[in-house]
Each structure stands twice: as structure tokens, then as C-alpha cells.
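Here is the structure we will look at, set down as C-alpha cells.
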Amino acid sequence: MHTPLDDIITPRLILRLMSIDVVEACLAGNLRSAGRLLGASIPEELLEHTSSFQYGQRQLNNDPNYFPWSARAVILPEEQVMIGLIRFHSRPDPEYLHTYVRNAAELGYRIFKGYQRLRYATEAITAMMAWAQTEFGANKFVASVSPENIPSMQLVTRLGFTKIGEAMDDVDGMEYVLLYEAKS
């Protein structure tokens, strides 16, 4: 019997939910402690962009049911090392997406240098969308990507996302809003 909080296992990866304790240790810069709690070593590169963790904490404060949708470590099981992270920005149908689409969940992902362009992001995104569809019946997914981020644009296009709008992000600047609708 599995639950929405369990690890998501793919052929090459483990997508492990990052507990509040793990996130707090990361935000405090204590990656050794966070890694022990997570069960995988966490590279220093994680600390270069911690805004997604701060955003996630705000989401959890506003919506405790957000937790299963929050940050998951992308782990290489053979090495027991975190190579990136993936999350949904909210549960499906957040108000900020209503301008573009209803009943969609927005994905965010990051693979650390040295592990990029090995299709780990493709594998993680596909698994997260399948998880959301199986566990919660979600079948619409959004990715917001800077048009200058060519590798990420190629990735989401290859997965079948199509542009439905543009948005100005406070942190990342101009982004294309892209939608993927899974077959029910």
C-alpha cells in the first residue's frame, strides 16, 4: 500500500519528498544534517537558489495540504546523492494560473551542473506528472520557462508542452507559460 508521500521511483531515480526538517536544515546551510535526514548527500550547489524552499514554506503555511506537492529531491540511488529537485508550485487550480488555464498544476525543476543533459529532468518531470495523475486525477500541467533557457525550452517542447501565454516573473524575468494535457 503506498501513499502520496512515498518516494516516486523511476528506472534511474528516486524522487523523495523533502520534509520540513530537511528544508529547514538546507535553509540554515546545514547540508550535512539535511543529507542525513534525507538519506542522500546534498551538494553545495543547492544553496545557490533557496527561493523555491522559501516559497514552499509560504505555500505550506497557507495550505497544509500542499505538502505532497512540495519539493522532492531528485536522487541517484547508486550514489545516494541529490542531483536536483522538482516540485509543484501549488496544488492544482491555483488562482494565479486562472488567466491561462483552469485545473492545472505548475511544475518547477532544477538539475545540478554535472548531471544536466542526461535526461534526468525528463524522467523526473514525466514521473511527477504520472504521480499527480494517478494519485489526484490531475491531467493539466504548466511549466513557466524563460525563452532564453534553450535547454529547458527544448525539454518541455519535447515532452509536448505548448505555449499558452507569457508572464513577467519577479525573479526570472520574461517567461513563456506552457501547457501539457495528459490523456485521461
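Every number in this text was worked out from the coordinates using simple rules, so none of it is lab data. From a predicted model like this one, the values you see are computed outputs, not experimental measurements. Cβ sites come from the backbone with ideal geometry, for glycine too, and all protein chains shown count toward neighbours.
Counting only GluC sites (Glu not before Pro) that DSSP places in a loop and that have at most 16 other Cβ atoms within 10 Å, the longest clean stretch of the chain runs over 1-77.
Pairwise over distinct Cα atoms, reciprocal of the mean inverse distance: report the Kirkwood radius of the chain in Å, one decimal place. One decimal place: 16.7 Å for the Kirkwood radius. Estimated at 0.36 nm per residue, the fully extended path between Gln57 and Ala182 surpasses their Cα-Cα distance by 42.2 nm. Based on Cα contacts under 8 Å between residues 6+ apart, segment 8-181 shows a relative contact order of 16 percent. Mean residue ellipticity, 222 nm, helices only, the chain: the sum of -39500 (n - 2.57) across DSSP H runs of n ≥ 4, divided by residue count and rounded to 500, is -9000 deg cm²/dmol.
Assign unit charges at the C-beta atoms only (+1 for Lys and Arg, -1 for Asp and Glu), then state the dipole size of segment 8-181 relative to its Cα centre in Debye, rounded to the nearest 20.
480 debye
In sequence order, segment 84-94 has phi-based couplings of x, 8, 9, 7, 9, 6, 6, 6, x, 6, x Hz under the Karplus curve 6.51 cos²θ - 1.76 cosθ + 1.60, θ = phi - 60°, and Gly or Pro positions carry x. Considering only trypsin sites (Lys or Arg not before Pro) in DSSP loops that have at most 11 other Cβ atoms within 10 Å, the longest stretch of the chain without any of them is 1-101. Once the gyration tensor of the Cα atoms in segment 4-75 is diagonalised, the equivalent ellipsoid follows with semi-axes of 18, 17, 10 Å, ordered largest first.
For segment 48-85 versus segment 135-170, the spacing of their alpha-carbon centroids is 19 Å.
For segment 19-67, relative contact order (Cα pairs under 8 Å, six or more residues apart, normalised by length) works out to 26 percent.
Between Arg32 and Leu118, the FRET efficiency estimated from the beta carbon spacing at R0 = 25 angstrom works out to 0.45.
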